[in-house]
Amino acid sequence: MARYNSLVDVRADLQSGAISMTELVEYYLKNIEASEALNIYVEVYAEEAREKAAQLDAKFKSNPESVGRLFGMVISHKDVICYEGHGITAASKILEGYTTPFSATAIERVLAEDAIIIGRVNCDQFAMGSTNENSVFGPVRNFADPDKVPGGSSGGSAVSVQADTCLASLGTDTGGSVRQPASFCGVLGFKPTYGRISRYGLLAYASSFDQIGTLTNSVSDAALLTEIMAGPDDFDSTVSTKAVDVLSDFEAQDKPLKIAYFKSALEHDSLDPEVKQLTQNKINALKAVGHTVEPVDFDLLDYIIPAYYVLTTAEASSNLSRFDGIRYGHRSEEAANLLETYQKSRTEGFSAEVKRRIMLGTFVLSAGYYDAYYGKAQQVRRLIQERTNEIFAEYDFIMMPASPVPAWNIGEKIDDPVATYLLDIFTVQANMVGVPAICVPVEPFQNGMPFGLQFIANRFEERKLLSFVAHFFNNI
Ligand code: GLN
């Protein structure tokens, strides 16, 4: 069976009888086995996927009209998105052995449309990281070069699509975790507007930033999945009640648009010369077909990372307090009393990176430091929002690389967390502001590693963004 890159192609072959769901699931299960060394899956739901495939084949045979809109779509889900009756660990020891009694709204919605979930994929612990090395299951490896990191935190999601073990994956993006691994692995990573998709059933990292997003090979799959998952949900009061645009019937749009890029980004110290060159090439190509692409001032770039790491760690310190050794998962055997149960269970259960962030977050919220850190960072967030709004008053999109550097070697930056934090510089703005952003694979680096460019749009402009990207992806 040849590789499929979109549901449209899968559906055509299901329709003609060239393939069945049973055959497709077997194909993906074989690829999962063949890519075991990449450490993508935490758990493969092989038998369930086979059963569901057989049921769907029968349903389709009896009445082709009766199947859902995601019939033919085989997906993986990140180990922070709950699926009823299955384990969920956030790649952490603290949730060892825990089975979730409910499904995330996003999962319910894709299942209702006849998607098949083939397994749960590895990630950075509690979605904290940019390399997928911060996992109790060990690092995920990049399919393009197994010595390289796949990016993170949705590294397993990105590689599951890159290595053709499923058609699409559900990831999460708090500060770039869908887009940066998409860039490192050469797939499309789409983070919709904050509040577009319910966070119910997503293990929270930083609630005012977290958003479910998709990793796919095609714009059409990103559009359809987002449309199906999006919209109001009684279980998440922060989800937008705004009507969901029809995204799946977007048309590749080549009308001239105004696109901004930041001078400060293209001249940034952290920028790899090849990233700069590849970005410049695309700026030129966009101009050549009639788009206006202009540099704009954005002097807040260097404040983004400090503000993000103050705010997200503050939220994480609160969100992760529920993992106390009593309610879920791991409980220390060494504890002699209640206080020790909390202390030892958390000490044993969380990774060093998660503990670092909980402590930092607790510190910035503590009396005497709150105003200097948390309050200040909130003000910076507001400034970044205001400046971004000003740019969107004049421009359709902002473009920049998803990462200032190509994928690095596994282990290379493991001892320098701050250096790794700084590499989130281009993805975090979209989360600070809550706007949609997508990372699109363009030509690779000379060493063969993939490279993705990011386009950011104003709130709820998913349709406009996807229509443009469909034109960009295929033609520019
Ligand atoms: N790399 C960022 C961090 O470590 C982003 C994580 C994310 O988006 N979940 O916080």
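The values are calculated or read from the model by the stated rules, or taken from the named source; none is laboratory data. Fair warning: this is a prediction, and the values are worked out from it, not measured in the lab. Heads up, the Cβs are rebuilt from the backbone with ideal geometry, glycines too, and the neighbour counts pull from every protein chain shown. Ligands, DNA and RNA are excluded from the accessible area calculation, which covers all protein heavy atoms including side chains. Shrake-Rupley method; radii C 1.70, N 1.55, O 1.52, S 1.80 Å.
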May I ask you to list pairs of residues, at least six apart or on different chains, whose Cβ atoms are under 6 Å apart, with the first in the stretch 112-131 being among the acidic types (Asp, Glu) and the second being open to solvent by less than 10 Å² (accessible area, probe 1.4 Å) and within 16 Å of the ligand (Cβ to nearest atom)? Asp124/Asn132; Asp124/Gly152; Asp124/Ser153
Considering each residue of the stretch 329-351, count those that are closer than 23 Å to Gly138 by Cα and without any contact (Cβ under 8 Å) to a residue 24 or more places away in the chain, and give that number. 4
Taking the stretch 121-140 only, how many residues are surrounded by 24 or more Cβ atoms within 10 Å (Cβ to Cβ) and either of a type in the set (Phe, Trp, Tyr) or away from the ligand (no atom under 16 Å from the Cβ) (or both)? 1
For the stretch 428-462, enumerate the residues that are closer than 14 Å to Ala402 by Cα and within 16 Å of the ligand (Cβ to nearest atom). Val428, Gln429, Ala430, Asn431, Pro436, Ala437, Ile438, Cys439, Gly452, Gln454, Ile456
For the stretch 124-161, give me the residue count where each residue is in a strand (DSSP E or B) and not basic (Lys, Arg). 2
If we keep just the residues of the stretch 165-181 that are more than 12 Å from the ligand (Cβ to nearest atom) and either open to solvent by 10 Å² or more (accessible area, probe 1.4 Å) or under 13 Å from the mean Cα position of the chain (by Cα) (or both), which is nearest to Val219 (Cα to Cα)? Ala168
Do we have any residue at all in the stretch 286-302 that's closer than 30 Å to Thr100 by Cβ and open to solvent by less than 30 Å² (accessible area, probe 1.4 Å)? no
Tell me, yes or no, whether the stretch 269-277 has at least one residue that is within 29 Å of Tyr374 (Cα to Cα), away from the ligand (no atom under 16 Å from the Cβ) and surrounded by 16 or more Cβ atoms within 10 Å (Cβ to Cβ). yes
Quick check: anything in the stretch 197-215 among the polar types (S, T, N, Q), within 13 Å of the chain's Cα centre (by Cα), away from the ligand (no atom under 15 Å from the Cβ) and within 17 Å of Leu466 (Cβ to Cβ)? no
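Having 1 or more residues that are within 22 Å of the chain's Cα centre (by Cα) is the bar; report the helices (runs of 4 or more DSSP H) wholly within the stretch 5-97 that clear it.
The qualifying helices (runs of 4 or more DSSP H) are 7-16, 21-34.
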How many of the residues making up the stretch 141-155 are out of contact with any Leu (no Cβ under 9 Å at 6 or more places or on another chain) and within 16 Å of the ligand (Cβ to nearest atom)? 5
Name the residues in the stretch 182-195 that are in contact with a strand residue (DSSP E or B) (Cβ under 7 Å, 6 or more places away or on another chain) and open to solvent by 10 Å² or more (accessible area, probe 1.4 Å), would you? Gly186
